[in-house]
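Asks: The structure under discussion is supplied below as structure tokens; questions concerning it will follow.
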Amino acid sequence: MKKIFYFVFAASTLFNLASCNKFNEETQSDSEDVLKMEMDENDFFKEEEIASNPCSFDFASLLAPCAVITESSSTFPKTVTIDYGTGCVGQNGRTKKGKIIINVSGDMRVAGNTRSLTFENFYINDVKIEGSRNAENIGLNNVGNMVVKITGDITASNGELTRSRSFTRYREWISGISTCDISDDEFHVTGSGTAIGRRGIEIPHVITEKIVLKPGQCNYPLSGIVDIGSENRGVILNFGNGICDNIAEATTKRRNKTYQIDLDTRRIIQ
């Protein structure tokens with residue numbers, strides 16, 4: 001399964017009306033909101049890598065075709081601006097417009113270096129995204145893998161509905177750190193957070209089974225499980241068992257019903 005996280009909110013409706021009504025009866029709208037946020041979490045992975053990776057690989061080729069990248073310097077520290085202008089459609093079928101601004105202190109493969117990401121009139125499918133993401137290389141863990149701590153506070157609004165999310169994630173670099181070939185990269189992601197949905201209620205979410213990412217091979221998460229919401233009105237999001245496709249499963253806690261979700265359209269397909 002391809003492309004997770006990285007926290008943006010799709011402007012299109014997540015579910016078709018009939019399925020949405022059934023799903024919402026069991027999860028309430030707040031858990032549904034967090035589900036959308038979780039599926040959008042990985043939206044900025046490629047943008048962040050463009051700014052902080054010293055390799056010569058053309059990460060820009062992975063972005064939407066209208067993206068214009070400018071750098072304040074050819075060396076670190078530097079500010080990288082990714083400008084989508086008035087908008088264009090990316091690989092996942094969603095339209096991005098406006099600017100993403102990334103400040104990087106140095107090569108993010110080096111302990112202690114930091115990166116911050118902010119937005120300037122930035123939209124995804126007419127949903128305005130505001131807030132920030134901050135990352136710090138916190139060094140090697142007990143098995144010798146590099147870990148980057150990522151914190152964020154993100155707000156998304158379509159003019160009628162506003163959602164917000166705060167989170168802390170740990171991205172462990174499992175393989176590929178010694179090469180500039182992204183095809184051998186593998187990351188494991190853990191962490192937790194809280195979100196405020198449409199009713200203003202705080203909803204917790206925690207990764208209970210690490211999310212596996214291989215961005216050079218797949219545009220979606222390959223596996224991983226996220227527990228969202230309460231026991232009675234929550235949902236379990238499952239990104240799969242290692243197969244690269246755009247399908248995730250959401251299982252309601254109340255009645256143990258499972259729905260398949262298209263990660264590109266954010267719609268229930270079964």
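No value in this document is a laboratory result; all are computed from the given coordinates. Remember, predicted model here, so these are calculated numbers, not experimental data. We place every Cβ from the backbone using ideal geometry, glycine too, and count neighbours over all the protein chains shown.
Asks: Tell me, what ³J(HN,Hα) does each residue in the range 187-192 have, in order and in whole Hz, if you take phi through Karplus 6.51 cos²θ - 1.76 cosθ + 1.60 with θ = phi - 60° and put x for Gly and Pro?
Replies: Karplus-based 3J(HN,Hα) across the range 187-192 equals 10, 10, 10, 10, x, 7 Hz.
Asks: Let me ask something additional. Going by how many other beta carbons lie within 10 Å of each one, how would you line up H205, H188, fewest first?
Replies: Ordered by Cβ neighbours within 10 Å, fewest first: H188, H205.
Asks: State, as an integer percentage, the relative contact order of the range 137-194 based on alpha-carbon contacts under 8 Å between residues 6 or more apart.
Replies: So the answer I get is 28 percent.
Asks: Moving on. Which of K78, K96, K214 has the fewest other C-beta atoms within 10 Å, and how do the rest follow up to the most?
Replies: K78, K214, K96
Asks: So, one more: Please report M108, M37, M146 as a ranked list, fewest other C-beta atoms within 10 angstrom at the top and most at the bottom.
Replies: Least crowded to most crowded, the residues run M146, M108, M37.
Asks: Using θ = phi - 60° and the Karplus form 6.51 cos²θ - 1.76 cosθ + 1.60, what ³J(HN,Hα) does each residue of the range 119-125 get, whole Hz, x for Gly and Pro?
Replies: With coefficients 6.51, -1.76 and 1.60, one gets 10, 10, 6, 9, 9, 10, 6 Hz.
Asks: How far, in nm, would the chain grow between S157 and C180 when pulled straight, counting 0.36 nm per residue and subtracting the alpha carbon separation?
Replies: 4.6 nm
Asks: Step through the table entries K99/K253; K149/K214; K128/K253; K99/K257; K78/K214; K99/K214, compare each Cα-Cα distance with 29 Å, and write down the pairs that go over it.
Replies: In this structure, K99/K253; K128/K253; K99/K257 lie more than 29 Å apart at Cα.
Asks: Next question. Could you give the nm distance between label points at V206 and S72, where each point is 7 Å from its Cα heading toward the beta carbon?
Replies: That separation, rounded to one decimal, is 3.9 nm.
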